[in-house]
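> Quick one: this structure, given as structure tokens, is what I'll be asking you about.
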Amino acid sequence: MLPEKGKLLRIFIGESDRHDGLPLYEWIVRKAREIKMAGATVFRGIEGFGAKSHLHTAKILRLSQDLPILIEIIDVEEKIDNFVEIIDPVIKEGIVTSENVEVKFCRSGK
């Protein structure tokens, strides 16, 4: 159960980024699950650009192999801060942000 005050971690990377033989987003989610973070969700963007201003798009005539990926994780501040230390060395390109959030409820369905 999460307390009312939590922290949202957002990780912006590319679909083709890899670590330990896995897509980086998969590695991040598995690592978050391994250390028992409250939960993680991966979003695949249809278009975006990063620091190099290279446009990545899913348009039919211009299929991209490196679409934007956003991973969101919500947990308590201490666990988020510790997780950032774990992922920092493996993210070679991208951006990681965090912000305080108010958790209204967190239900497991049990």
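The values are calculated or read from the model by the stated rules, or taken from the named source; none is laboratory data. Being a predicted model, the structure only gives us computed values, none of them experimental. Note that we place each Cβ from the backbone using ideal geometry, even for glycine, and neighbour counts take in every protein chain shown.
> Taking the range 14-56 as the region of interest, how many residues are within 12 Å of the chain's Cα centre (by Cα), assigned to a strand (DSSP E or B) and at pLDDT below 95?
Total satisfying the criteria: 2.
> One residue is enough: does the range 65-79 have a residue meeting the conditions charged (D, E, K, R), within 21 Å of His19 (Cα to Cα) and modelled with pLDDT under 95?
Yes, the conditions are met somewhere in the range 65-79.
> I would also like to ask the following. Examine the range 78-87 for a residue that is outside any helix (DSSP H, G or I) and not polar (S, T, N, Q), and state whether such a residue exists.
No: zero hits.
> Follow-up question, since we're still on this one. For residues in the range 1-13 being surrounded by fewer than 17 Cβ atoms within 10 Å (Cβ to Cβ) and within 13 Å of the chain's Cα centre (by Cα), which is farthest from Gly94 (Cα to Cα)?
Among them, the one singled out is Leu8.
> Write out, first by first residue and then by second, each pair whose Cβ atoms fall under 9 Å of each other, whose residues are 6+ apart or on separate chains, and whose first residue, in the range 52-72, is more than 25 Å from Leu9 (Cβ to Cβ) and among the basic types (Lys, Arg) while the second is at pLDDT 70 or above and not in a strand (DSSP E or B).
Pairs that qualify, where the first residue is more than 25 Å from Leu9 (Cβ to Cβ) and among the basic types (Lys, Arg) and the partner is at pLDDT 70 or above and not in a strand (DSSP E or B), are Lys59/Ile46; Arg62/Leu55.
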